[in-house]
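> Next up is a structure, given as structure tokens.
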Amino acid sequence: MKTSLEVEYWVVDDGGDLVPPETLLDVSEQVDPEFVEPMLEIKTTPCSSTAELREEFLGRIERVVDAAHDRDKRLVPLATPLYASPADVPYREKRGTDLQRRIVGPTFDDARICAGTHMHFEQSNVAAQLNALTAIDPAFVLLNSSSHYRGERIVECARPYLYRRSCYEACPEQGQLWPYVDGVADWERRLEDAYEGFRERALDRGVEPARFDDEFDPYDAVWTPVRLRKAMPTVEWRSPDAALPSEVLRLAETVRSIVAHADARGTVVDGAESATDAADGKLTLPDFGTVESVTDAAVHDGLESPSVSRYLRELGFSPGAYEPLADRLPDSRFAKRRAKRLRLEAARRLEADLERARVRA
């Protein structure tokens, strides 16, 4: 099952100010601009093994970090810039961005201060893969790298809160976690329903039908934590924060193992089928209500919540193996000047993480 990664990083100058990546985008075809100026995305190609994924991912980041140093810039592995005004995080000129803001509303602005990690898995037993990723969604807490927004500590995991509970609160089908599916046809029906609802909302807000249809199709009009990507084609998990490379790879390895189990053996929701099905080696998933309650606990309380840690251990994760960057941030409110220092500290941690990876190699 080929696996690939996409990780978004903030770009700052040597003073900690957010700046555009500019020529960093020329380092590789696998480095892309994002929909806000001071961010870039580093991607891998689909890799057949975790060893191949590790080598390519680390090598790609090293090249960009080295190029950034040559240009007096740094990469910052934080889920939010901690403190930023709208002027600090301008949108790139994208017609689709303007259209999304018009359709979703002013809360769409919260999405632009979110930097995350996306994991892609080659499609095979698609329903089982979708359901496994839905069940493990609270594992985003393991890469939690920011609790702050505009200098305020808002919740333990700021990015999922801002993205799901704020940005897409008015359009839950576009940005929040969907329940388990019965099959691909079930997922595609939901996708069509979400698309039609989004289109109706757009027309209600005065968007011309032709303009909407030109910009969006069903696969490109949902930004849910778990989704199918038609073009690649992959099953994508979009929930984790931007984080240190070693932590991203550690999580990717475990998630890949769980998804591979589901792909090979199938899944069964706890209590929904007979004990015989579970005994056949199917991956047993908690009911969706439990997934939702644990996700809420993860957002608000992080790994300090016993229910979150217990839930993740039962699925096969080792919470104690992770050191979320958010744990190193102050609990109190801070000003923009301190945010810049904290960004630089996070950039240094990323560089030290890469150096340790070189030594191990």
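The values are calculated or read from the model by the stated rules, or taken from the named source; none is laboratory data. All of these numbers come straight from a predicted model, not from anything done at the bench. Here Cβ is always computed from backbone atoms with ideal geometry, including for glycine, and neighbour counts include all displayed protein chains. Surface accessibility is based on the protein's heavy atoms, side chains included, excluding ligands, DNA and RNA. Shrake-Rupley method; radii C 1.70, N 1.55, O 1.52, S 1.80 Å.
> Pick out, from P324, V226, V259, the residue whose Cα sits farthest towards the positive end of the charge dipole of the range 220-348, with +1 on the Cβ of Lys and Arg and -1 on the Cβ of Asp and Glu.
P324
> Just tell me which lysines come within less than 21 Å, Cα to Cα, of K73; anything on the same chain fewer than 8 places away is out.
K43, K336, K340
> Would you kindly derive the ³J(HN,Hα) couplings of the range 183-196 from the backbone phi angles with the Karplus curve 6.51 cos²θ - 1.76 cosθ + 1.60 (θ = phi - 60°), listing them in order in whole Hz, with x for Gly and Pro?
Here the 3J(HN,Hα) series is x, 4, 4, 4, 5, 5, 5, 4, 4, 4, 5, 5, 5, 5 Hz.
> Placing +1 at every Lys and Arg Cβ and -1 at every Asp and Glu Cβ, with all other atoms neutral, what dipole size does the range 1-63 have around its Cα centre, in debye to the nearest 20?
It works out to roughly 420 debye.
> Highest mean first, what order results for 145-158, 73-86, 335-348 on Cβ atoms within 10 Å?
Output ranking for 145-158, 73-86, 335-348: 73-86, 145-158, 335-348.
> What is the set of long-range amide H partners of V268 at a cut-off below 5 Å, with H atoms built 1.01 Å from backbone N?
Amide H neighbours of V268, under 5 Å, 5+ apart: L283, T284, L285.
> Check each of the GluC sites (Glu not before Pro) in the range 27-81 and keep only those in coil by DSSP with at most 14 other C-beta atoms within 10 angstrom; list them in order.
E29
> Across 10 Å bins from 0, what is the distribution of all Cα-Cα pair distances for the range 133-190, in whole percents?
Over the range 133-190, the share of Cα pairs per 10 Å bin runs 21, 41, 29, 9, 1 percent.
> Residues of the range 111-155 with amide nitrogen under 14 Å from the 7 Å Cα-to-Cβ point of E188?
126-127
> Still on this structure, please answer the following. Check the straight Cα-Cα distances from K282 and name the lysines below 30 Å, setting aside those fewer than 8 residues away within the same chain.
Cα-Cα hits under 30 Å: K2, K230.
> Pick out, from T3, S28, G105, the residue whose Cα sits farthest towards the positive end of the charge dipole of the chain, with +1 on the Cβ of Lys and Arg and -1 on the Cβ of Asp and Glu.
It is S28.
> Among A335, P245, V235, whose Cα projects farthest towards the positive end of the dipole of the range 209-356, with charges put on the beta-carbon of Lys, Arg (+1) and Asp, Glu (-1)?
The residue sitting farthest along the positive end of the dipole is A335.
> Something else: Quick one: Debye curve from the C-alpha atoms of the chain, no solvent, what's log10 I(q)/I(0) at q = 0.09, 0.14 Å⁻¹?
-0.48, -1.23
> For the range 304-315, just list the computed ³J(HN,Hα) in residue order, Karplus coefficients 6.51, -1.76 and 1.60, θ = phi - 60°, integers in Hz, with x standing in for Gly and Pro.
Residue by residue, the range 304-315 yields 5, 7, x, 5, 5, 4, 4, 4, 5, 4, 5, 7 Hz.
> Whole angstrom only: what separates the Cα centroid of the range 160-205 from the Cα centroid of the range 97-131?
10 Å
> Check the straight Cα-Cα distances from K94 and name the aspartates and glutamates below 12 Å, setting aside those fewer than 8 residues away within the same chain.
The reachable aspartates and glutamates, counting only those whose Cα sits under 12 Å from K94, are E34, E37, E215.
> Here is a further query. Would you check the accessible area of M232, probe 1.4 Å, heavy atoms only, in square angstrom rounded to 10?
90 Å²
> Could you give the spread of the C-alpha atoms of the range 244-361 along their three principal axes, from largest to smallest, in whole angstroms?
Reported extents, whole Å, longest axis first: 58, 38, 18.
> Calculated from DSSP H runs of 4 or more alone, at -39500 (n - 2.57) each and per residue, what is the 222 nm mean residue ellipticity of the chain, nearest 500?
Calculated from helices alone, the mean residue ellipticity at 222 nm is -13000 deg cm²/dmol.
> Give me the number: length gained by fully extending D109 to I154, i.e. 0.36 nm times residue separation minus the C-alpha to C-alpha distance, one decimal in nm.
14.6 nm
> Mind checking the dipole of the chain: about its Cα centre, +1 per Lys or Arg Cβ, -1 per Asp or Glu Cβ, Debye to the nearest 20?
1040 debye
> Quote the charge dipole size of the range 1-143 about the Cα centre in Debye, to the nearest 20; the model charges only the Cβ of Lys and Arg (+1) and of Asp and Glu (-1).
Once rounded to the nearest 20, the dipole reads 480 debye.
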